[in-house]
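First, the structure itself, so that you have it in front of you.
The values are calculated or read from the model by the stated rules, or taken from the named source; none is laboratory data. For clarity, every value in this text was computed on a predicted model and none was experimentally measured. Virtual Cβ from ideal backbone geometry, glycine too; neighbours counted across all protein chains shown.
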Amino acid sequence: MPELPEVETVRRTLNQLITGKKISHVTVNLPRILQKPDDPLAFAAELEGRTFQSVERRGKFLRLVMDGLVLVSHLRMEGRYGLYNQDEPTEIHTHVIFHFTDGTELRYKDVRQFGTMHLFLPGEELQAPPLNKLGLEPLEDGFTLDSFRRELGKRSTKIKPLLLNQEIVVGLGNIYVDEALHTAGIHPEMPANELKRKEQELLHQAIVKTLSAAVEAGGSSIKSYVNGQGEMGLFQHSLKAYGRTGEPCLNCGTPIEKSVVGGRGTHVCPICQKRPRNVGPSQVVTSSKNRNHAVKRRLEGESK
């Protein structure tokens, strides 16, 4: 967290909140957030007097465009931006503050402290790390079925780890990969290059549909995600697979199973997403909560 829909929601919100605001000075409370330059004094000096012109996105990264500079920001697990008046108390874990000439402040808060910031001259950010190796943008015109098929055909890795690889398709994380695969009816352990043409088409459509719906809902408020105005997304109420272990599949009623694929917790309907014949059984992750769901369903069935 956050994934593409959450970052896109933050982008849209910040675009409304900070476009046209001029930086008077910058306060850095946690230098390790800064990657380029990594010196807090140099970072602050570069930004002084700059005006935000727009906020863009590349994959899960924000591109905060100013006159003569671009700030590339990754929120990682729990990074947040918020606009405040300068006289409002500063919350704990606020690591970078952009003070504006109008008396407001853009504050970056990050409990886990995993976020990063890079400064570039305009255009250079796309040619250097961390943006230079990113893959297809799933909500842009370049994400065609043909381009997607070419990427799938090159690799024999399991489809879920492939979709999580930001060098193939950007912006997809654990939540939306599980959701897209469920929508397409594809098992997460299916080798990417063994997908049939119809399955490729269904998956392509599912990725676009899932991400588009999540963006419109403001993302999924799993754990502590909020947008730049402190508002929570609503897409978590529409999830069909992720986080629904032991609950009935909305398509067929079979309990959703959780296993581990590529080191990530993975949610699957064993009926709608048939396991590939050449792949052995996964170790299903269970819990007392899931067992209670199963017992309740069995007792309800016996009482009928």
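Out of all the residues in segment 71-80, which are assigned to a strand (DSSP E or B) and either surrounded by fewer than 21 Cβ atoms within 10 Å (Cβ to Cβ) or acidic (Asp, Glu) (or both)?
HIS74
Just wondering, is there one or more residues in segment 48-68 that are free of Cβ contacts under 8 Å to residues at least 12 places away in the same chain, out of contact with any Pro (no Cβ under 9 Å at 6 or more places or on another chain) and not charged (D, E, K, R)?
First, the residues of segment 48-68 that are free of Cβ contacts under 8 Å to residues at least 12 places away in the same chain: none.
No - not one qualifying residue is present in segment 48-68.
Can you confirm whether GLU140 is acidic (Asp, Glu) and outside the structural domain of ALA45 (by TED's automatic domain parsing)?
Spelling it out, GLU140 is indeed acidic (Asp, Glu) and outside the structural domain of ALA45 (by TED's automatic domain parsing).
Report yes if some residue within segment 96-109 is in contact with a Pro (Cβ under 8 Å, 6 or more places away or on another chain), under 17 Å from VAL72 (Cα atoms) and of a type in the set (Ser, Thr, Tyr); otherwise report no.
For segment 96-109, residues in contact with a Pro (Cβ under 8 Å, 6 or more places away or on another chain), under 17 Å from VAL72 (Cα atoms) and of a type in the set (Ser, Thr, Tyr): absent.
Given the conditions (1) under 22 Å from the mean Cα position of the chain (by Cα); (2) at negative phi; (3) part of a loop (DSSP other than H, G, I, E, B); (4) surrounded by fewer than 17 Cβ atoms within 10 Å (Cβ to Cβ), and given that GLN113 satisfies all but one, which numbered condition is not satisfied?
Evaluating GLN113 over (1) under 22 Å from the mean Cα position of the chain (by Cα); (2) at negative phi; (3) part of a loop (DSSP other than H, G, I, E, B); (4) surrounded by fewer than 17 Cβ atoms within 10 Å (Cβ to Cβ) leaves (2) as the failure.
Can you say whether ARG112 is in the same structural domain as VAL268 (by TED's automatic domain parsing), basic (Lys, Arg) and closer than 24 Å to GLY265 by Cα, as far as the supplied structure shows?
no
Another question, then. Go over the candidates THR13, THR27 one by one and state the one that is crowded, with 16+ Cβ neighbours inside 10 Å, among the polar types (S, T, N, Q) and either touching a Phe, Trp or Tyr at 6+ places or on another chain (Cβ under 9 Å) or assigned to a strand (DSSP E or B) (or both).
THR13
I've got another one for you. Quick check, is LEU83 buried (at least 19 other Cβ atoms within 10 Å of the Cβ), among the hydrophobic types (A, V, I, L, M, F, W, C) and closer than 14 Å to GLY20 by Cα?
yes
Please work out which residue is farthest from the chain's Cα centre (by Cα), limiting yourself to segment 53-69 and to residues that are of a type outside the set (D, E, K, R) and under 17 Å from SER24 (Cα atoms).
Step by step, filter segment 53-69, then rank; the result is GLY68.
So which of TYR108, TYR176 ends up being aromatic (Phe, Trp, Tyr) and modelled with pLDDT under 95?
Only one candidate passes the filter, namely TYR176.
Rundown of residues vs (1) of a type in the set (Lys, Arg); (2) assigned to a loop (DSSP other than H, G, I, E, B); (3) modelled with pLDDT under 55, yes/no style:
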position: GLN200; (1), (2), (3): no, no, no
position: SER221; (1), (2), (3): no, yes, yes
position: THR245; (1), (2), (3): no, yes, no
position: THR266; (1), (2), (3): no, no, no
position: GLY280; (1), (2), (3): no, yes, no
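Could I ask something else about it? Residue pairs, Cβ under 8 Å, 6 or more apart or interchain, first in segment 181-193 and within 10 Å of THR266 (Cβ to Cβ) and modelled with pLDDT of 95 or more, second assigned to a helix (DSSP H, G or I) and among the basic types (Lys, Arg). List them.
Filtered contacts from segment 181-193: LEU181/LYS160; PRO188/LYS160; GLU189/LYS160.
I'm checking my understanding of the structure. Among residues of segment 175-189 that are outside any loop (DSSP other than H, G, I, E, B) and touching an Asp or Glu at 6+ places or on another chain (Cβ under 8 Å), which one is surrounded by the fewest Cβ atoms within 10 Å (Cβ to Cβ)?
ALA184
Residue under question is GLY262, and the condition is that it be at pLDDT below 95, touching a strand residue (DSSP E or B) at 6+ places or on another chain (Cβ under 7 Å), crowded, with 21+ Cβ neighbours inside 10 Å and farther than 17 Å from THR210 by Cβ; does it hold?
Answer is no for this residue.
Conditions: (1) modelled with pLDDT of 95 or more; (2) buried (at least 19 other Cβ atoms within 10 Å of the Cβ). PHE235 meets all but one. Number of the miss?
Unmet condition: (1).
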